[in-house]
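Trainee: Please find one structure pasted underneath; my questions will follow.
The values are calculated or read from the model by the stated rules, or taken from the named source; none is laboratory data. None of the values given here were measured: they were computed from a predicted structure. So basically every Cβ, Gly included, is an ideal-geometry build from the backbone, and we count neighbours across all protein chains shown. Protein only, heavy atoms only, side chains kept; ligands, DNA and RNA dropped before computing areas. Shrake-Rupley method; radii C 1.70, N 1.55, O 1.52, S 1.80 Å.
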Amino acid sequence: MDEQSTRFETNAGVVAQIRQLPVGVVLASGPFNYPLNECYTTFIPALITGNTVIVRIPRNGAAPHFPTLELFKKHFPSGSISILSGSGREIMTPLMEDGRIDFLAFIGRSSSANALVKYHPAVHRLHTILQMDAKDCAIVLKDSDVEFAAAQCVTGAFSFNGQRCTALKMIWVHESIAPQFVQKVCEIVDAFKVGMPWEEGVQITPVCESGKPAELKDLLEDAIKHGAHILNAQGGRFSKSLASPTVIGPISQHAKLWTHEQFGPIMPITSFSDLSEPLDWLAQNHFGLQSAVFGYDPQELATVVDTMAFQVGRVNVNAPDKRGPDTLPFGGKKDSGMGVMNAKEAVREFTLETVIATTVNDPRNVKALQGLEGVSRVVKGTAGIKSE
Ligand SMILES: NC(=O)C1=CN([C@@H]2O[C@H](COP(=O)(O)OP(=O)(O)OC[C@H]3O[C@@H](n4cnc5c(N)ncnc54)[C@H](OP(=O)(O)O)[C@@H]3O)[C@@H](O)[C@H]2O)C=CC1
Ligand SMILES: O=C(O)[C@H](O)COP(=O)(O)O
């Protein structure tokens, strides 16, 4: 990117250089579920492209940042990076209201992003990159490898307690294989050890948000009220901040779990007879981060993949959803994302294209540009320019 943008090129009598320059002051805020990695993804590309950065670190998960605070203080010019911790509402609201934030780089819920953007007095000049909540689904087709698909869906739904934006939060399984699929899923999930993170072999650990167990309980009770059943033996148990892994289904369109991002160890399963059922659900879903499909028939796969591709940022074939590798663009559609992140795209997101140009038909312009090079920090590489 930089090699190309530092070059002057002549086109239609105009010689011009396109520079990628910093946007200005960036407010970066990461989520609690990946408190270190996902804060860094919001501010490192901003910092290396020359922006000034204010980072709000998550309230839950501030500790991993302490070792690096000293390093930033020691190695970066004063004021280039400021790290604040505490309530996001208390810290970010006045910063946004002040109007001098040029760029909001935010990972969290779309409702929070929406509120934050609206605090800015001049929204039309606020740049954003927003990675938000999701309700990713897996569609398990009738010709899928049931054991494999069940194991992959369990990993997709329950790893990190299901507290990943990319977690599978709704499973659609073809009715012809639903009984075997549910049985296999429950077998794996009921073998999970629930406990403290430092205990050997533990898969499900406490959720760290104070209101989360009550929220999950409410989602389960609401789904049951609308005709669902808890399908696994250890499902539906709560002990303070521990929520046992729960498989529940079928999910009615009137249940909160139909649309709500549970962000916890709950796997909703619903069976379908016609592909239009999950595909309609996907189209009506407000979110659009990723989705997965399990099966091998090219005709059915093509229908699903081509439909999903219009709705989500990444379609996973015979694999659960995930963010990496960072060489691939990462971003969502609809309420799940605005802008693309990964090693390369994020660098471009935090810069603005700026043109330095003159006409080449007048030799004095070319000479002036070449003279500028000696004193300007921006104008470089003019040696090869000739008058036309
Ligand atoms: N798409 C992606 O790449 C990813 C998305 N996520 C999503 O992030 C969410 C979990 O992260 P979480 O940190 O809880 O997200 P939240 O959006 O709940 O919180 C993030 C921050 O926003 C602040 N906030 C919330 N409402 C407002 C408001 N009205 N005005 C000002 N500030 C506000 C919070 O303040 P306070 O601290 O005061 O509560 C908090 O600091 C999940 O939905 C998950 O899917 C997570 C990882 C990756
Ligand atoms: O919160 C998330 O889910 C992350 O952005 C995705 O990371 P993962 O897919 O690598 O867990």
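Trainee: Restricting attention to the range 91-104, does a residue exist that is β-branched (Val, Ile, Thr), under 19 Å from residue 278 (Cβ atoms) and either within 16 Å of ligand 1 (Cβ to nearest atom) or in a strand (DSSP E or B) (or both)? Let's see the steps before the verdict.
Mentor: Filtering the range 91-104 for residues β-branched (Val, Ile, Thr) gives 91, 93, 101.
Restricting the remaining residues to those that are under 19 Å from residue 278 (Cβ atoms) gives none.
Taking every residue of the range 91-104 in turn, none turns out to be β-branched (Val, Ile, Thr), under 19 Å from residue 278 (Cβ atoms) and either within 16 Å of ligand 1 (Cβ to nearest atom) or in a strand (DSSP E or B) (or both).
Trainee: Here's a follow-up. Given the structure, is residue 304 outside any helix (DSSP H, G or I) and either free of Cβ contacts under 8 Å to residues at least 12 places away in the same chain or more than 30 Å from residue 206 (Cβ to Cβ) (or both)?
Mentor: Working: outside any helix (DSSP H, G or I): no; either free of Cβ contacts under 8 Å to residues at least 12 places away in the same chain or more than 30 Å from residue 206 (Cβ to Cβ) (or both): yes.
Spelling it out, it is not the case that residue 304 is outside any helix (DSSP H, G or I) and either free of Cβ contacts under 8 Å to residues at least 12 places away in the same chain or more than 30 Å from residue 206 (Cβ to Cβ) (or both).
Trainee: Give, as residue ranges, the strands (runs of 3 or more DSSP E) completely inside the range 114-190 that count at least 2 residues that are under 14 Å from residue 321 (Cβ atoms). Can you show your working first?
Mentor: Working: elements: 127-131, 136-140, 168-174.
Those strands (runs of 3 or more DSSP E) span 136-140, 168-174.
Trainee: When both residues are 6+ apart or on different chains and their Cβ atoms are under 6 Å apart, which pairs have a first residue that lies in the range 101-120 and is in contact (Cβ under 8 Å) with a residue 24 or more places away in the chain and within 23 Å of residue 36 (Cβ to Cβ), and a second that is small (Gly, Ala, Ser) and within 11 Å of ligand 1 (Cβ to nearest atom)?
Mentor: 106/29; 106/113; 107/30
Trainee: Step by step: first the residues of the range 42-79, then only those that are open to solvent by 20 Å² or more (accessible area, probe 1.4 Å) and of a type in the set (S, T, N, Q), then the one that is nearest to ligand 2 (Cβ to nearest atom). Which residue is that?
Mentor: Among those residues, the one meeting the criterion is 60.
Trainee: Moving on to the next point. Assigned by TED's automatic domain parsing to the domain that holds residue 36, under 22 Å from the mean Cα position of the chain (by Cα), closer than 30 Å to residue 124 by Cα and of a type outside the set (A, V, I, L, M, F, W, C) - does that describe any residue in the range 57-72?
Mentor: yes
Here's the yes/no breakdown for (1) more than 14 Å from the chain's Cα centre (by Cα); (2) charged (D, E, K, R); (3) more than 16 Å from ligand 2 (Cβ to nearest atom):
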residue: 272; (1), (2), (3): yes, no, yes
residue: 285; (1), (2), (3): yes, no, yes
residue: 288; (1), (2), (3): no, no, no
residue: 291; (1), (2), (3): no, no, no
residue: 297; (1), (2), (3): yes, yes, yes
residue: 321; (1), (2), (3): no, yes, no
residue: 350; (1), (2), (3): yes, no, yes
residue: 374; (1), (2), (3): yes, no, yes
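Trainee: Just a yes or no: is a residue in the range 368-383 among the aliphatic types (A, V, I, L, M), crowded, with 17+ Cβ neighbours inside 10 Å and part of a strand (DSSP E or B)?
Mentor: Going residue by residue through the range 368-383, those that are among the aliphatic types (A, V, I, L, M) are 368-369, 372, 375, 378-379, 383.
Still in the running and crowded, with 17+ Cβ neighbours inside 10 Å: 369, 379.
Applying the additional criterion that residues be part of a strand (DSSP E or B) yields none.
No, there is no match, as no residue in the range 368-383 is among the aliphatic types (A, V, I, L, M), crowded, with 17+ Cβ neighbours inside 10 Å and part of a strand (DSSP E or B).
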